[in-house]
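For reference, the structure discussed in these notes is given below.
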Amino acid sequence: MSRDVQHRLRFRLELATQMLDLPLNGEHLERLAVELAPAVKAIVAEEMEAHAETVPVAYGVVRTDLDAQAGVHTTTYAGCTARIGTEVDLESPAALLAAELRGQQPDVIATDVPCATYLGLTVRPQSLHAWRWWIDKLNVHPDAITRQDDAAFAMGVVGDVAVALCGDGVPTLMVDEPAARLMGLLAETDEAPV
């Protein structure tokens, strides 16, 4: 059983408990997460299997460019731009992580891999929950997130790869600040009453 699934399920249960003001404590939530994780994984697996049989194969137009002077190879497809340094091994940790995220997450709109252990990642999450997933995936603390114009920026780490995260449109998603604080996406502020 994956502890990661149990932890994510516990977080979702805790959020629902807080929003619905249910009288459950941490021990209750932990037991629910442990008991429900196998059932949730089975449901997700069944859904994925059902979709795999009925969903047509998606094809995208791929455009590749090589800028030898800058030392960057650029591939554009399905709304995503992937840039990788010409000297970077395609089996390096950063290149493999970039390929994994591009292939599994529709939020990814750009990846930049200038070296073997650094990934520039631009995502456009569709909800606060999607943004929370990125924050958790990249081990980012809410205090480390900065907002500028219509983007949020943070540094995270996955394994041996440092990830510079840019969340396109995230400040617009955080218009409901109480919900964002409840989800742990914004650091708590100590404002004195006026």
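So the values come out like this:
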quantity: Residue that is modelled with the highest pLDDT, among those in the range 27-69 that are open to solvent by less than 100 Å² (accessible area, probe 1.4 Å), under 30 Å from residue 88 (Cβ atoms) and not in a strand (DSSP E or B); calculated: 68
quantity: Residue that is nearest to residue 133 (Cα to Cα) [pool: residues in the range 1-19 that are touching a residue at least 24 places away in the same chain (Cβ under 8 Å) and open to solvent by 80 Å² or more (accessible area, probe 1.4 Å)]; calculated: 8
quantity: Residue match in the range 85-104 (condition: closer than 20 Å to residue 155 by Cβ, in a strand (DSSP E or B), open to solvent by less than 30 Å² (accessible area, probe 1.4 Å) and of a type outside the set (Phe, Trp, Tyr)); calculated: yes
quantity: Single condition residue 33 does not satisfy, out of (1) touching a residue at least 12 places away in the same chain (Cβ under 8 Å); (2) closer than 16 Å to residue 133 by Cβ; calculated: (2)
quantity: Of residues in the range 135-194 being at pLDDT below 85 and among the polar types (S, T, N, Q), the one nearest to residue 98 (Cα to Cα); calculated: 172
quantity: Subset of the range 149-162 that is assigned to a strand (DSSP E or B) and over 15 Å from residue 123 (Cα atoms) - its residue that is least open to solvent (accessible area, probe 1.4 Å); calculated: 161
quantity: Given (1) at pLDDT 80 or above; (2) more than 23 Å from the chain's Cα centre (by Cα); (3) open to solvent by less than 60 Å² (accessible area, probe 1.4 Å), index of the condition residue 22 fails; calculated: (3)
quantity: Residue match in the range 126-148 (condition: touching a residue at least 40 places away in the same chain (Cβ under 8 Å), surrounded by fewer than 20 Cβ atoms within 10 Å (Cβ to Cβ) and within 24 Å of residue 73 (Cβ to Cβ)); calculated: no
quantity: Filtered residue count, the range 105-148, keeping only those that are in a helix (DSSP H, G or I) and over 10 Å from the mean Cα position of the chain (by Cα); calculated: 4
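The values are calculated or read from the model by the stated rules, or taken from the named source; none is laboratory data. These numbers come from a predicted model, not from an experiment. Please note: Cβ atoms are built from the backbone with ideal geometry, for glycine as well, and neighbour counts cover all protein chains shown. Quick note on the areas: whole protein, heavy atoms, side chains included, nothing else; ligands and nucleic acids left out. Shrake-Rupley method; radii C 1.70, N 1.55, O 1.52, S 1.80 Å.
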